[in-house]
Amino acid sequence: MISKNKVKALRMLENKKHRRQTGLFVAEGPKVVGDLLEKAPAQTIVATQEWWLAHPTVTAAESITVDAEELRRVSFLQHPQQVMATFPLPANEETPDASAAHIASQLCLALDSVQDPGNLGTIIRIADWFGIEHIYCSADTADAYSPKVVQATMGSISRVRLVYTDLCSLIDLLPAETPVYGTMLDGTDLYDQELTPHGLLVMGNEGNGISPAVASRVTHHMLIPPYPAGRDTADSLNVAIATAICCAEFRRRQQKK
């Protein structure tokens, strides 16, 4: 049985302000909750008897057993999946030196005003697939810990660190030789570019691309070429699709070397 007050408290975690006030975010479904439980204990777990029986050793500060109808009342999903849990929000802070060290030694992503929750969640999942452990987000990028984003990551948010920061300031701190890549219409064919196993790959807003201030700091302009060249085609690619193509090419080159 779950109380009306608890239902209200959980539903309020859809709101970014409330997530910040409580320091908690919501995850749903056996896959997402399971991946997060491997990294940190849950504050609250609301689950069906079926889920509890399948996970007899899992504990939380607050454990609530519900039936399918009660879970439907509290869930953010159209089709609830046995379990909902709340977890502490990870710390957003990272020292400038630490950020610069990560970018200098490995491939990292930067998201400049990516605002669609589905796109952000998919990009986090793509980063996880291609072994990218750090994503740096502009302040106006969608909140990575909204229920829609968390669900779209399918658990990858447990393995990828996200830091919200001023991207221009971050890039300005990097050593001059650190490559900063960005997809732009005036870019060189991605497949003709020299790509390194480290640096920062910047992906821009769904409609406007990379902002002028960040674009002025991009050292390697890249273009994902349409096929065949010169043919009438779509104006652009979805940002998550473009991210996947770029990450795949970076990793292909690294593996080839």
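Could we say that residue 213 is assigned to a helix (DSSP H, G or I), within 30 Å of residue 87 (Cβ to Cβ) and in contact with a helix residue (DSSP H, G or I) (Cβ under 6 Å, 6 or more places away or on another chain) here? For residue 213, the condition - assigned to a helix (DSSP H, G or I), within 30 Å of residue 87 (Cβ to Cβ) and in contact with a helix residue (DSSP H, G or I) (Cβ under 6 Å, 6 or more places away or on another chain) - is not met.
Taking the conditions (1) open to solvent by 10 Å² or more (accessible area, probe 1.4 Å); (2) modelled with pLDDT of 95 or more; (3) farther than 20 Å from residue 146 by Cα in turn, residue 122 satisfies each one other than (3).
Can you name the residue in segment 143-185 that is of a type in the set (Ser, Thr, Tyr) and farther than 30 Å from residue 30 by Cβ and is also surrounded by the fewest Cβ atoms within 10 Å (Cβ to Cβ) among such residues? This residue is 169. Of all residues in segment 201-239, those satisfying the criterion of being hydrophobic (A, V, I, L, M, F, W, C), open to solvent by less than 40 Å² (accessible area, probe 1.4 Å) and over 16 Å from residue 190 (Cβ atoms) are 214, 215. Here 199, 182, 207, 155 are screened, and the one residue that is under 22 Å from the mean Cα position of the chain (by Cα) and free of Cβ contacts under 8 Å to residues at least 24 places away in the same chain is 207. Elements of the type strands (runs of 3 or more DSSP E) sitting completely within segment 1-85 and holding at least 1 residues that are surrounded by fewer than 17 Cβ atoms within 10 Å (Cβ to Cβ) and within 24 Å of the chain's Cα centre (by Cα): these cover 42-48.
Looking only at segment 129-165, which residues are acidic (Asp, Glu) and in contact with a strand residue (DSSP E or B) (Cβ under 7 Å, 6 or more places away or on another chain)? The answer is 133, and nothing else. Considering segment 239-257, the residues that are polar (S, T, N, Q) and modelled with pLDDT under 95 include one that is farthest from residue 199 (Cα to Cα), namely 255.
The values are calculated or read from the model by the stated rules, or taken from the named source; none is laboratory data. Worth saying up front: this structure is predicted, and the values here are computed from it rather than measured. Neighbour counts run over all protein chains shown; Cβ positions are idealised from the backbone, glycine included. Quick note on the areas: whole protein, heavy atoms, side chains included, nothing else; ligands and nucleic acids left out. Shrake-Rupley method; radii C 1.70, N 1.55, O 1.52, S 1.80 Å.
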